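The structure appears below as structure tokens.
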Amino acid sequence: GIMSCIATIQKYAIRLARSFGGSVMSQLVDSLSYPCKSGSIQILTLNALFRISSAFISASSLGIFVDRMHQYFAQIKKEKMNHPTIAIDIITETMSTHRTVSALNVVGCRLLWNIFIPAPLDACDETLEAYSNSVNKLVSYLHTVSQKHKENLSLHETMVCLLSKISCYDGSMLTEVEPFVVLVIKIMSRHDNSWIIALHGCQCLRNICTRELTASIARPKIEACDGAKVITSCMNQFSRNHQVQSEACAALAAISMSSVPNKKAVLKCGGIEQILKAYDSYLISPYDEFSLNTKLQACITLTVLTTESTCLDALVKGGVVSIMEDISNESDGNLPESLAQAIENFLGAVSRGRNNTFSAELTDSADEESVFQWLMNEFQALAEIDDIGVSRSVRLRSNALRAMKKFPNDANIQEVGCMIFAHVCQFNRVQKPDQLEDEINTITECLQRYQSTNTIAISACSALKNLCIDSKFSKSVSTALSISATKVFNTLQAIHGNSVPLLMECAGVLWALGNIGVQFSFETEKITALLMKFATGYLKGSHHALQKLLIGAIWSILHSQDSDLDQTGDLVDLVVNVMTGIDEEEFFEVAINFLFDISRQGYKSILVLAEHESLIEIVVGNMFKYPESSSIQGTICNVISNIASNSAMDNGIRAEICSLGGVNQMLLYLENFLDDRLFIGRAFASLSAIMSGADVQVLHGNGAISCIMSVMSSHTDDVYVQIKGTAALWYLAAREDDFKHKIVQNGGAKLITN
């Protein structure tokens, strides 16, 4: 007892162990065999040895101490000095002799935890056998004492910690796996209010299921003992303990690896919900050390579960896949790299799992009905998702392509396949060129085959449009798209403009193809004439979106095919007519952008615009309609600037813009949009173009000089604004001397030199 008290201080404990050449330790070990029915001497002895061994652990000299302990115990038993587990055996025997004394068994387990060192890597068979025998005897005894002291929490906490340490090492030491598993799960079930038992119990199950020699035996036994249920109960009980959550996730992954029954057991007992809760929880911040480790373990466990079909369906239908895709898509690079990779691994596993399921549907004996139903389920699931990750996108496109190629004559499969392409390609257009070409060809064949079936043709055109919007393709892909354009043209000719939805999708495809520079294999004049015919036909009525698409398609085709723009005049007439009859802001913005695009194409295009009898009046008139839109006003300024700045224009155009109130409106909007530097630059450029031919009296009366200088004074650090404003003052000063004097009098010279 005195020795136990002395050993509470580390330096005294070490001196005690080394006193008199180790004879004190020898006497201490020898006292374990002293006859004492109550076991009080053995409790004090074990406690002293525990404290001394703890002192050597702190001093990083445990190995030396354990070797000496084996020597002392070997002397008692009169056995060979190199017996590797003699100390474990004698302590186990001492505990067994006093099995009714719970305090002795608690201290005995603590001491065993301290001195348990695994067999060396190069140990001989005899040594390994000795370890195996000692560990199996110990586990067998712990079964007995656990039954004897069922309600003793301290004993079971120290016991499960010892078992956890044993499970950390090579499985060759534990040949009796099933009793070990049963003991751990019984302790966890019996004492479900202890986080220590929950933590170390999960560690035991994880370790024993990740050891090659023990996993195949442990997993079936864990399933038989409802191990998954016990682990998920721990997660529910200790939802705020991140160590328990992390170890429990790891344990679920370990028991489920290569075990379908355990995967199903995890699903049955609500394991997926608990894993997701573990992922969402955090201690200090979402990505602190403990929280990040929990999230990583949760992702690993979910990844393991994806290899079982019912679990995979549950992950999809339960929204877990969607949640992970959202996290991945919305991270903007803020996720820790390890977590981003873990989520990507999970989504990749989901993709592979879904592909494997679909492969079963697409066997040689697969029927159209089952494949159609599978695709339809996939499409319906997409409707509930705001965004789609790359891995899911690749999988869906691959499956839709395979189905469409296998059943080219099944209208239902062709339609839903195109619908999937149309939906998925809104979010993710990344694909390998060879597969992309295959997709385009397959969808184009579908359009050719079913161009008279309205719904399928609409889906096919929508898919083609979304495939190529804002994308760049290889030469082979561009060739495939050129063929697609021909099929779309044929479809347009076939429908005679009778179907507005299909007409919109066809126009959308052609607009998209023109924007990415696809060269058409048919005469440009034919398609633009047909589109203008349709646009004129729908001029009256409420088909504004259709008119927008048709005009956009015509212009993108003319612009991309290096046309000589012979049809530009007709197209401008069409746009002006549409602008005259429509007051919708969104449509007008498309139309004015279209006119701006034409005004940038050179002298011929500008001449067409300038010579139009009512274009200037309509453009300037619309400056009064949309006073809140700086983007519309800025584009109008661009159009006016491009027309008025052409040196070939006579001053009549500039004077007309001025007389219609164009200059006054620009000056007004310069004050209204004082913080919009882009609009300011465009307005200044437009004013500069008008100044040289505007009516001088109008310029005197509208306060142009003070307005320009006021705006420049508000943006003294903005070079872009200063350059454009100085140019406008320059053009004013060139008109007459009076403007020069006003500029100087108002501080213009100082402003410019600054």
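At a glance:
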{"read-out": "Gyration tensor (alpha-carbon) shape descriptor, the range 164-205, a/c threshold 1.5", "value": "oblate"}
{"read-out": "Candidate lysines for bridging to residue 533, where Cα separation is under 18 Å - those fewer than 8 sequence places away on the same chain excluded", "value": "548"}
{"read-out": "Derived scalar couplings ³J(HN,Hα) [the range 723-730; Karplus, 6.51 cos²θ - 1.76 cosθ + 1.60; whole Hz; x for Gly, Pro]", "value": "5, 5, x, 4, 4, 4, 5, 4"}
{"read-out": "For the range 503-509, 3J(HN,Hα) per residue [Karplus equation, 6.51 cos²θ - 1.76 cosθ + 1.60, θ = phi - 60°, Hz, x = Gly/Pro]", "value": "4, 5, 5, 4, 4, x, 4"}
{"read-out": "Label-to-label distance, nm, for residues given as residue 190 and residue 257 (7 Å Cα→Cβ offset)", "value": "3.0 nm"}
{"read-out": "For the range 669-684 and the range 590-646, distance of Cα centres in Å", "value": "17 Å"}
{"read-out": "Principal axis box of the range 626-681, alpha-carbon based, largest edge first, Å", "value": "34, 19, 15"}
{"read-out": "Percent carbon-and-sulfur accessible area, the range 211-282, ignoring ligands, DNA and RNA, probe 1.4 Å", "value": "48 percent"}
{"read-out": "Protein accessible area in the range 627-754, 1.4 Å probe - carbon and sulfur %", "value": "51 percent"}
{"read-out": "Residue-span extension gain [residue 651 to residue 700] - 0.36 nm each, minus C-alpha spacing", "value": "15.9 nm"}
{"read-out": "Accessible surface, per residue, of the range 135-289 when the full set of protein chains is kept, probe 1.4 Å, Å²", "value": "42 Å²"}
{"read-out": "Accessible surface of the range 142-188, 1.4 Å probe, proportion on carbon and sulfur as whole %", "value": "48 percent"}
{"read-out": "Residue 533-residue 678 FRET efficiency (beta carbon distance; Förster radius 45 Å; 0.05 resolution)", "value": "0.75"}
{"read-out": "Cα gyration tensor category, rounded, prolate or oblate, for the range 130-281 with a/c compared to 1.5", "value": "oblate"}
{"read-out": "For the range 256-295 versus the range 146-177, the gap between their alpha-carbon centres in whole angstrom", "value": "25 Å"}
{"read-out": "Two-site label geometry, residue 737 and residue 240: point separation in nm, points 7 Å out along Cα→Cβ", "value": "8.7 nm"}
{"read-out": "Cβ-Cβ FRET estimate between residue 526 and residue 317, R0 fixed at 35 Å, reported to 0.05", "value": "0.10"}
{"read-out": "Surface per residue (accessible, 1.4 Å probe) for the range 630-754, Å²", "value": "44 Å²"}
{"read-out": "Residues in the range 610-650 reached by a label modelled at residue 601 [backbone nitrogen below 13 Å; 7 Å Cα→Cβ]", "value": "610"}
{"read-out": "Pairs of alpha carbons in the range 597-723 whose separation is greater than 23 Å (percent)", "value": "27 percent"}
{"read-out": "Which listed pairs, of 263/406; 150/277; 165/229; 405/465; 264/405, have C-alpha distances above 26 Å, in listed order", "value": "263/406; 150/277; 264/405"}
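The values are calculated or read from the model by the stated rules, or taken from the named source; none is laboratory data. Remember, it's a predicted structure, so these values are computed and weren't measured experimentally. Neighbour counts are summed over all protein chains in view; Cβ atoms, including those assigned to glycine, are modelled from backbone coordinates with ideal geometry. Only protein heavy atoms, including side chains, enter the accessible area calculation; ligands, DNA and RNA are left aside. Shrake-Rupley method; radii C 1.70, N 1.55, O 1.52, S 1.80 Å.
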